[in-house]
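Contents: one structure, followed by commentary.
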Amino acid sequence: MKKSLCVLAILLVTFHLGNSQSSLVTKKGTDKKWWKEAIVYQIYPRSFKDSDGDGVGDLKGIISQLDYIKSLGVNAVWLNPIYSSPNDDNGYDVSDYRNIMKDFGTMEDFDLLLKGLHQRGIKLVMDFVLNHSSDEHEWFKQSKSSRTSPYRNYYHWWDAERVKPNYRYSLFDVNHDAWKYDSSSNAFYLHYFSKKQPDLNWENPTLRKEIYSMMKFWAEKGIDGYRLDAFQFAAKDTSFPAFPKGFEKNFVQYYAMGPHIHDYLKEMNQEVFSKYDVMTVAEGAGNNFQDAHDLVDADRKELNMAYAFDAIDLAKMEGYDFIKFKESFTKWDSVFAKKGWLSIFLASHDQARIVNRFGNASPEFRELSSKMLSTFLLTMRGTPYIYNGDELAMTNAGFQKISDYRDMSTLNEYQYQLNHGGDINQFMKRIQFECRDNSRTPFQWDASNNAGFSTGNSWIQVNPNYQMINRAEQEKDQQSVLNYFRKITALRHKNPALIYGKYSILDRSNPAIFAYTRELDDKKFLVLLNFSNKVAKSNINLDVSKAKILLANYPIPSKNGSLAPYESIVYQLK
Ligand code: NOJ
């Protein structure tokens, strides 16, 4: 979880192979699993495709694009929350976990979506928001109604006549205060996110049972995976001890991996995951490699994957430290080399666009750098997560006016800055670069009104560059970012070495080039990526003169270890 504002026609075959080989072990000792072979495509339903002209994306819209999704070469879809919600935080505030958000459609639509995905050999991973619910959830309404309500202990309450509770920082609150006073029972409730997202009390076994039963409800429908939202924060020390001054600057250190977190995950595994063929991934990986390991070590029977934020968090308005970036991916790989499995991602609905953050969005380099970044994500060891629109190299919208922003956390922070004499110009510059609304603008389907996203007024403005950057244009061009993306997904599916193979970094201190090999059994690949806007020379001590080039993002790939700006080359060495 990010502390600042702007905190997936070989498929079918590969996918079935993945399943049937689920008990096979490669020579190097890696257990084969379908979810390790998955390329996960993240869909932000609100902004993907609107079928009924109300300006909000919906399930029927996604259904209308299933053949497009399949054409990408992805074999799993992760959907952001689609449950009933008053949308304070675009669905991350759930008011009914067993129903579909009105804006998105009906349970019949969901059933059709799931069927349509499965018919195409694509798995469905759902987003489970289990650290908090909406304050409009029936549980919370009951809980706040009286101190003696049977639902009282579903949440964290602190009676107001006691000594004031120790300060807790809230990520999204307009005052950054996680304790909100509620007059109906004269008590404070805890909310790490917005005041409309009260934290659930995982110490309560009745609450835990209700959650597992709800999770099973979705598994029985046939979903294939669980993404656990903000789960590292679910366990708390409910004596709420004081934290040292300035603790909020390291939110994860103080809030993550609280007491019993592993007990809850083991219980969840036993009650839910173990009963189905599902993949599980947690947002956040704790504070250190041990935490991450403990979450995903198969012997511990908790989760399959967790994703860490250290590399993704490096990107700042001013740029990022490329050596640290390489080191971060390299260290994480080594931690999971023998046990556990990594998630590889650089973008989601919580970050601005990947090409602005890690590539170059200028007209000269946008396409090249986007192809280079896709090459990176799809040639690393670990399950890759691709955020919708990145296959087109969509860019940041960079809204100028605060009234164009929709993200509640940004709007609350704006208010906070105003109230506390913050530098508003600086704040506006920062959100233009990093606000998560940048990646939430409507998917750019074509050059028609609203980029073909909706016939109505879209809930958030379409990026004005949609006439140039859109799917329809890119379908016509064999060299487009989109068609390159299809080639790199196909390459990964065809070559188990790119999935399971040993990763070794080369030329570690090179300030511009990320060079590594991937090796499995008798196959070896070399990946060369220039992350800079200048010609760069690699120093890798490998003779590539006879190697086969499998994929390159320039029509004539460079030779002799020198790479053009944002050039990427995948070689097969043996
Ligand atoms: C993480 C989700 O990815 C983010 O979008 C959301 O705002 C918070 N968790 C709170 O649920």
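Per-structure values
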item: Looking only at segment 42-75, and only at residues there that are within 16 Å of the ligand (Cβ to nearest atom) and open to solvent by less than 10 Å² (accessible area, probe 1.4 Å), the one that is farthest from Met305 (Cα to Cα); result: Gly57
item: Qualifying residue in segment 90-98 (condition: in the same structural domain as Gln232 (by TED's automatic domain parsing), open to solvent by 20 Å² or more (accessible area, probe 1.4 Å) and more than 15 Å from the ligand (Cβ to nearest atom)); result: yes
item: Residue, modelled with the highest pLDDT, within segment 316-344, restricted to residues that are of a type in the set (Gly, Ala, Ser) and either touching an Asp or Glu at 6+ places or on another chain (Cβ under 8 Å) or not assigned by TED's automatic domain parsing to the domain that holds Ala76 (or both); result: Ser328
item: Residue count for segment 421-454, restricted to those that are touching a Cys at 6+ places or on another chain (Cβ under 9 Å) and open to solvent by 10 Å² or more (accessible area, probe 1.4 Å); result: 3
item: Residue that is nearest to Ala292 (Cα to Cα) [pool: residues in segment 302-341 that are aliphatic (A, V, I, L, M) and open to solvent by less than 20 Å² (accessible area, probe 1.4 Å)]; result: Ala306
item: Options Ser374, Ser403: the member that is of a type outside the set (Val, Ile, Thr) and surrounded by fewer than 24 Cβ atoms within 10 Å (Cβ to Cβ); result: Ser403
item: Number of the exception - Ile122 against (1) more than 16 Å from the ligand (Cβ to nearest atom); (2) among the aliphatic types (A, V, I, L, M); (3) surrounded by fewer than 20 Cβ atoms within 10 Å (Cβ to Cβ); result: (3)
item: Any hit, segment 76-87, residues being open to solvent by 30 Å² or more (accessible area, probe 1.4 Å) and under 30 Å from Trp139 (Cα atoms); result: yes
item: Qualifying residues in segment 534-574 (those that are out of contact with any strand residue (DSSP E or B) (no Cβ under 6 Å at 6 or more places or on another chain) and of a type in the set (D, E, K, R)) - the one least open to solvent (accessible area, probe 1.4 Å); result: Asp543
item: Residue, nearest to Val94 (Cα to Cα), within segment 228-252, restricted to residues that are out of contact with any His (no Cβ under 8 Å at 6 or more places or on another chain) and in a helix (DSSP H, G or I); result: Phe231
item: Strands (runs of 3 or more DSSP E) contained in segment 465-574 and holding at least 1 residues at pLDDT 95 or above and within 23 Å of Trp332 (Cα to Cα); result: 502-506, 513-520, 523-530, 568-572
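The values are calculated or read from the model by the stated rules, or taken from the named source; none is laboratory data. Keep in mind it's a predicted model, so treat the numbers as computed, not measured. With ideal geometry, Cβ positions are generated from the backbone for all residues, glycine too; neighbour counts draw on all protein chains shown. Surface accessibility is based on the protein's heavy atoms, side chains included, excluding ligands, DNA and RNA. Shrake-Rupley method; radii C 1.70, N 1.55, O 1.52, S 1.80 Å.
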